Amino acid sequence: MKILAINPGMISTKVGVFEDDQLLMHATINHPYEELCRYPFIMDEFDYRKDKLIEELLRQGFDLKFDVIVGRGGLVKPIESGVYELNDKVIEDTKTPRLHHACNLGSLIALSMAKEIPGCRAFTVDPGVVDELDDVARITGMPELPHQTIWHALNQREIAKRYCREHGVKYEEQDLIVCHLGSGISFAMHHHGRAIECSDALSGDGPFSPSRAGMLPTVQLVKLCYNGQYTEKEMLRKINGHSGLTAHLGTNDVREVERRINEGDEHAKLILSAMVYQISRWLCSLAPVTNGHVDAVILTGAMSHSKFVSEGITERVKFLAPVFVYPGEDELTALATNVYRAMKGEQEIKVYS
């Protein structure tokens, strides 16, 4: 079974070719800032990204004959975890997403390419809108603003399952706090196979990140929105793109921040330490969800490569449970292996409706 996996990010598109569940080729297609600036909105990048992806496949000697194409899911309505075959309904909802993010292009490109290949099927797996919250977790202080989830469901679930395989335990029997540390930061309490509490990484939930503001003082934020300095579009871009490390230090690259720290920059050290502090505080807030029972804390995502970050968090939260670090992400493998198991009948293929 020949499988193509597609994972669009904000400034790159990752692509993997698999035979059954074995990786044959992996590539990261970088999209220069000046090229992306030609497109007013992320959805306008569709043809550009699709063409670049096909160009890369042909360059590496792969024809376009696939049995399955699986794309990272978009920010559609809340759904349960699993493997979903793409249809017109999910594509319609993806074109009018809850929020704008490059992940919305994954399903669109996958289905578009599959339609051009006889017999090819298109899927998505565990999109960022997976919602398995307990009802009590949905309640906020304003009934018209319930707690919702946008999180790194695909990578979190894959890494949690890998941890369980490596330690000889069942995912469906564990209480795991998983934290994805990337350009966005998300947390989830995985209770017996379900993420019964998790953060909304795109809407200001949680700590500040390399480029996002995280939770802010509500009254001060409202006043800032109405002081006439920013339009709604500018304010949203400021919160999700021009805040966090970017606002404080002029860079969203943790490696650059660490370089400055090593050269004696005390302000850089203070800001990165503050981010570590906030991550640790939010992570620990999940412990009451299971009445304090936590089997393990798992750190993953690109930023967990940083010893300053991962060791700093570990030192603050290790009283909860043993901490395990899985640097980077494995979303292409998660996409392909879940679809492979589903095609073999080992996993349910769900219908988006």
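Calculate log10 I(q)/I(0) of segment 34-97 for q = 0.16 Å⁻¹, where I(q) comes from the Debye formula with a single equal point scatterer on each Cα and nothing for solvent.
Rounded to two decimals, the profile gives -0.76.
Calculate for the chain the 222 nm mean residue ellipticity that helices alone would give, adding -39,500 (n - 2.57) per DSSP H run of length 4 or more and normalising by residue count, nearest 500 deg cm²/dmol.
Using -39500 (n - 2.57) per qualifying helix, the result is -10500 deg cm²/dmol.
If you split all Cα-Cα distances of segment 304-353 into 5 Å bins from zero, what percentages do you get per bin, shortest first?
With a bin width of 5 Å, the distribution comes to 4, 17, 15, 13, 10, 10, 12, 13, 5.
Looking only at Cα atoms, what is the convex hull volume of segment 238-353 per residue, in Å³?
So the per-residue Cα hull volume is 167 Å³.
Going by accessible area, probe 1.4 Å, with all protein chains left in place, what is the ranking of Met235, Met142, Met1, largest first?
Reading off the accessible areas and sorting them downward yields Met142, Met1, Met235.
Label Lys269 and Arg255 with points 7 Å out from Cα along Cα→Cβ: what is the distance between them in nm?
Simple spin-label model gives 2.3 nm for this pair.
What is the total of Lys pairs in segment 51-121 with C-alpha atoms under 20 Å apart, excluding same-chain pairs fewer than 8 positions apart? Don't skip to the end; give the middle numbers.
Working: Lys52/Lys65; Lys52/Lys115; Lys65/Lys115; Lys77/Lys89; Lys77/Lys95; Lys89/Lys115; Lys95/Lys115.
For segment 51-121, the number of qualifying lysine pairs is 7.
How much of the accessible area of segment 197-282, probe 1.4 Å, is carbon plus sulfur, in whole percent? Walk me through the numbers on the way to the answer.
Working: 2610 of 4930 Å².
For segment 197-282, the apolar C and S fraction of the accessible surface comes to 53 percent.
Taking each pair of different alpha-carbon atoms in the chain once, compute 1/r for the pair, average those values, and report the inverse of that mean as the Kirkwood hydrodynamic radius in Å to one decimal.
On the way: mean 1/r = 0.0475 Å⁻¹.
Result for the chain, one decimal place: 21.1 Å.
Segment 106-164: Rg/Rh from Cα coordinates, Kirkwood Rh?
Across segment 106-164, the Cα-based Rg/Rh ratio is 1.16.
Which of the DSSP-defined H helices in the chain satisfy a minimum axial length of 24 Å, computed from C-alpha atoms, and a minimum mean Kyte-Doolittle hydropathy of -1.0?
Answer set is 266-284.
How much accessible surface area, in Å² rounded to 10, belongs to the heavy atoms of His147 with a 1.4 Å probe?
In the full protein context, His147 sits at about 30 Å².
Ratio of Rg to Rh for segment 175-313, alpha carbon only, Kirkwood?
Ratio value, two decimals: 1.01.
Between Met1 and Gln22, what is the spin-label point distance in nm, taking each point 7 Å from the Cα along the Cα→C-beta axis?
It works out to 1.6 nm between the two label points.
Taking the solvent-accessible surface of protein heavy atoms with a 1.4 Å probe, what is the per residue accessible area of segment 166-227 in Å²?
42
With a 10 Å radius around each residue's Cβ, average the other Cβ atoms per peptide and rank 3-12, 159-168, 82-91, highest first.
Values: 3-12: 22.5, 159-168: 16.2, 82-91: 18.1.
Highest mean packing first, the order is 3-12, 82-91, 159-168.
Quick one: pull the percent of accessible area on segment 72-185 belonging to carbon and sulfur, 1.4 Å probe, ligands and nucleic acids left out.
Percent of accessible area from carbon and sulfur atoms in segment 72-185: 51.
Obtain the nm distance between the two label points defined at Lys307 and Lys170 by a simple spin-label model: each point lies 7 Å from its Cα along the Cα-to-C-beta direction.
In this crude label model, Lys307 to Lys170 measures out at 4.0 nm.
Which of rounded, prolate or oblate describes segment 184-258 when judged by the alpha-carbon gyration tensor and an a/c cut-off of 1.5? Don't jump to the answer; show the numbers that get you there.
Working: a/c = 2.85, a/b = 1.37, b/c = 2.08.
Oblate shape, in that a/c is at least 1.5 and b/c is the bigger or equal ratio.
Kirkwood hydrodynamic radius, segment 222-294, all distinct C-alpha pairs: what's the number in Å?
That comes to 14.7 Å for segment 222-294.
Hey, how many Å between the Cα centroid of segment 98-169 and the Cα centroid of segment 1-46?
Here the answer is 17 Å between Cα centres.
At 0.36 nm per residue, minus the direct Cα-Cα distance, what do Glu315 and Gln220 gain on full extension? Give it in nm, one decimal, please.
Difference between extended and current length: 31.0 nm.
Over every pair of different alpha-carbon atoms in segment 55-174, take the mean of 1/r and invert it; report that Kirkwood radius in Å.
Answer for segment 55-174: a Kirkwood hydrodynamic radius of 16.3 Å.
Do any trypsin sites (Lys or Arg not before Pro) in segment 1-38 lie in a DSSP loop with no more than 16 other beta carbon atoms within 10 Å, and if so, which?
Arg38
Heavy-atom accessible area per residue, segment 230-338, 1.4 Å probe: how many Å²?
51
The values are calculated or read from the model by the stated rules, or taken from the named source; none is laboratory data. The structure presented is a predicted model; accordingly, all values stated were derived computationally and were not measured. Cβ: placed from backbone, ideal geometry, glycine included. Neighbour counts: every protein chain shown. For accessibility, only protein heavy atoms count, side chains too; no ligands or nucleic acids. Shrake-Rupley method; radii C 1.70, N 1.55, O 1.52, S 1.80 Å.
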